[in-house]
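The values are calculated or read from the model by the stated rules, or taken from the named source; none is laboratory data. From a predicted model like this one, the values you see are computed outputs, not experimental measurements. Here the Cβ positions follow ideal geometry from the backbone for every residue, glycine too, while neighbour counts run over all protein chains shown.
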Amino acid sequence: KPLMEQLWTPNFMATTATLDREEVYLFNIYAPTAVPLSEKFYESLAQITISAGTPIFVGGDFNCTQNGVQDRSYEPTANSHSSEAFATLVKRWRLHDSLGNALPDPTDPTALARFRDEQHTHRCTVHGGKPATSRLDRWYANDLARPWMTATQVDQDGLHSDHKGVLLHLRSPSNPLRIHKERRVFPVPAYAQKRADDAVLAELAALRRTLDTGALTALQSAELWDAAKHRIAIALLNATKAARRSKKNTYRKKIKRLYRQFD
């Protein structure tokens, strides 16, 4: 829901959300491109008081970079686009870059090229029409929200724009999503299919007759169903074994007949 509406401008909006029944703040930023205006903008944000114990996420187009050649591909001016006011805001709100632990070694050209290709969000041309990229669009979280950050994904959503979107993936630090592997399934062999079908139908028919005999509680019905599933599993195994024995006996008989033909 809306938060701090009296401070809303084309450059700043705030809302609240709920994560694990806990309120969090979401701040969206679009910083002015002119340096004097952006510095004044960040200074005004630093005056906002954040309630102690409140997790906050801050995302948007910050129109500045803080990590030199890692955030800007045009290296001659890569270190001249930082913002002192933004750095002060980061310290005051105790913000952490979602990619802070993924920044490449600035002396490794291969790692730099890969990071720029995967994480830079803005494309432009510089002196002489040379193409360049930068990481203007980012996500931050304060100390309390930081454990929720699990991945950052740059996304081109198909809109015609000189900026790419940035998705921040969240995961509960106390109750993370767990993906269970599907159980392996072993289908009944084709030669045992008829026996297996008959066995299953017989068990289901018996279960239906039991359920139709009178009123049962939900617990009793569940117990009957669990017992039926157990019997079905055993019936399938027995049907497969019986079909396999029958098949072997059939082959033995055929082999014996062949032997007799050549004796």
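Computed values, structure above
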read-out	value
So Asn79, is it out of contact with any helix residue (DSSP H, G or I) (no Cβ under 8 Å at 6 or more places or on another chain) and at pLDDT below 95	no
All positions within the stretch 97-118 that are touching a helix residue (DSSP H, G or I) at 6+ places or on another chain (Cβ under 6 Å) and of a type in the set (Asp, Glu)	Asp105
Filter result for Thr150 (among the polar types (S, T, N, Q), assigned by TED's automatic domain parsing to the domain that holds Gly68 and assigned to a strand (DSSP E or B))	yes
Subset of the stretch 223-242 [within 19 Å of Tyr191 (Cβ to Cβ) and either under 42 Å from the mean Cα position of the chain (by Cα) or not assigned by TED's automatic domain parsing to the domain that holds Lys194 (or both)]	Ala235, Leu236, Leu237, Thr240
Index of the failed condition, Ala52 passing every other in (1) without any contact (Cβ under 8 Å) to a residue 12 or more places away in the chain; (2) of a type in the set (A, V, I, L, M, F, W, C); (3) not in a loop (DSSP other than H, G, I, E, B)	(3)
Given (1) crowded, with 19+ Cβ neighbours inside 10 Å; (2) farther than 20 Å from His169 by Cα; (3) out of contact with any Lys or Arg (no Cβ under 7 Å at 6 or more places or on another chain), number of the condition Leu95 does not satisfy	(2)
Filter result for Leu112 (assigned to a loop (DSSP other than H, G, I, E, B) and either of a type in the set (A, V, I, L, M) or crowded, with 17+ Cβ neighbours inside 10 Å (or both))	no
Test: residue in the stretch 59-74 that is of a type outside the set (Ser, Thr, Tyr), assigned to a strand (DSSP E or B) and in contact with a Leu (Cβ under 7 Å, 6 or more places away or on another chain)	yes
Among residues of the stretch 164-222, those that are under 30 Å from Arg138 (Cβ atoms) and either surrounded by 10 or more Cβ atoms within 10 Å (Cβ to Cβ) or over 41 Å from the mean Cα position of the chain (by Cα) (or both), counted	10
